[in-house]
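Have a look at the structure below before the remarks.
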């Protein structure tokens, strides 16, 4: 067994926009359905191949990295996002893991407000606050994708094989770039507030503003695509290559923009993402992101853990998918078989499998992690 594996995930890439990524689009692109509606529950479920990970919004072992590590792989994870903080066990199984959080900042600014958190537990209060003070995404504390990939190349090429590399790209996250590439702050805030036009007048994005957002989004996808190609060219082997997005993005559908976790939405534009599995023969054109871990493991000749719920696409097809969209103590749940789609909105959700039980709940995180999540455009860490 000598097959290296490279898994690249990118933030906020819609399945129907993959034509903006010419390198990826040149592969056999599958339609993936996410197990969560924003980064943390989605990537946790991908690494865990378990619905419970999406319900709890944290990684649950045995993980993809743990299985490969136990089989002798050198495991490297570079995921520049507070959503993938070790607080949520994203470092499980990795010999080298970095989510690039500075941990710096003004303690007074970052200190948690218990009163704000208490008020934030009420949906109506939180929605009013967000209408009055829509957030703008701030990526200043995160490294550029190019810097992350330089580290990834160095770590991979210096490591003993076989090697498993997971790298996540954030350049496709709103505001879709930096400097002149990014959408202006004022437009970002207007779009963030969209979808709530019944609150305090109109939050509509103009036609010109919409075109500016879509253009910046497509440009960001194109830059990420170029960097993925450069990454693979710079590695000292020809690895099995997998790509997936953590979730999609809303670009004005039903008046909504972005992937706003507190809305618990499961529109196709949010949960349908492009997936590439290059170097492995697979069955079917559609899958759940739960299937990626077992397919990669089976593709290098290893047995998949019994606890995993995804399908090994080297020997079977995915006939139905489940997406859990948790926020605070409620979640929207979406089941589909690619012909029918059933949705239970904003329900109290619990999970049970054998003796395992889990329930949707808020996460208690440090002030640093909470501030990083807010900087990405999330109202709170829930």
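Table for the structure above
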{"quantity": "Residue that is modelled with the highest pLDDT, among those in the range 328-361 that are outside any strand (DSSP E or B) and either touching a strand residue (DSSP E or B) at 6+ places or on another chain (Cβ under 9 Å) or within 13 Å of residue 262 (Cα to Cα) (or both)", "calculated": "337"}
{"quantity": "Test: residue 59 is touching a residue at least 12 places away in the same chain (Cβ under 8 Å) and buried (at least 24 other Cβ atoms within 10 Å of the Cβ)", "calculated": "yes"}
{"quantity": "Members of the range 248-270 found to be at positive phi and either part of a loop (DSSP other than H, G, I, E, B) or in contact with a strand residue (DSSP E or B) (Cβ under 6 Å, 6 or more places away or on another chain) (or both), listed by number", "calculated": "252, 258, 264"}
{"quantity": "Which listed residue, of 222, 248, 195, is over 16 Å from residue 148 (Cα atoms), surrounded by fewer than 22 Cβ atoms within 10 Å (Cβ to Cβ), modelled with pLDDT of 95 or more and touching a helix residue (DSSP H, G or I) at 6+ places or on another chain (Cβ under 6 Å)", "calculated": "222"}
{"quantity": "So residue 13, is it assigned to a strand (DSSP E or B) and at pLDDT 95 or above", "calculated": "no"}
{"quantity": "Residue satisfying all of: in the range 1-24; surrounded by fewer than 21 Cβ atoms within 10 Å (Cβ to Cβ) and touching a strand residue (DSSP E or B) at 6+ places or on another chain (Cβ under 8 Å); farthest from residue 165 (Cα to Cα) among these", "calculated": "16"}
{"quantity": "Sole exception among (1) out of contact with any strand residue (DSSP E or B) (no Cβ under 6 Å at 6 or more places or on another chain); (2) over 29 Å from residue 156 (Cβ atoms) for residue 227, by number", "calculated": "(2)"}
{"quantity": "Matching residues in the range 203-218 - criterion: being in contact with a helix residue (DSSP H, G or I) (Cβ under 8 Å, 6 or more places away or on another chain), assigned to a helix (DSSP H, G or I) and free of Cβ contacts under 8 Å to residues at least 60 places away in the same chain", "calculated": "209, 212, 213, 216"}
{"quantity": "Some residue of the range 52-65 being modelled with pLDDT of 95 or more, closer than 19 Å to residue 165 by Cβ and either touching a strand residue (DSSP E or B) at 6+ places or on another chain (Cβ under 9 Å) or not in a loop (DSSP other than H, G, I, E, B) (or both)", "calculated": "yes"}
{"quantity": "Near pairs, Cβ below 6 angstrom, 6+ apart or cross-chain, from the range 80-92 (at positive phi and modelled with pLDDT of 90 or more) to any residue that is surrounded by fewer than 24 Cβ atoms within 10 Å (Cβ to Cβ) and outside any helix (DSSP H, G or I)", "calculated": "89/58"}
{"quantity": "Criterion violated by residue 48 - all others in (1) in contact with a strand residue (DSSP E or B) (Cβ under 6 Å, 6 or more places away or on another chain); (2) modelled with pLDDT of 95 or more satisfied", "calculated": "(1)"}
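The values are calculated or read from the model by the stated rules, or taken from the named source; none is laboratory data. As the structure is a computational prediction, the values presented were derived from the model and not from experiment. Every residue, glycine among them, receives a Cβ derived from its backbone with ideal geometry; neighbour counts consider all protein chains shown.
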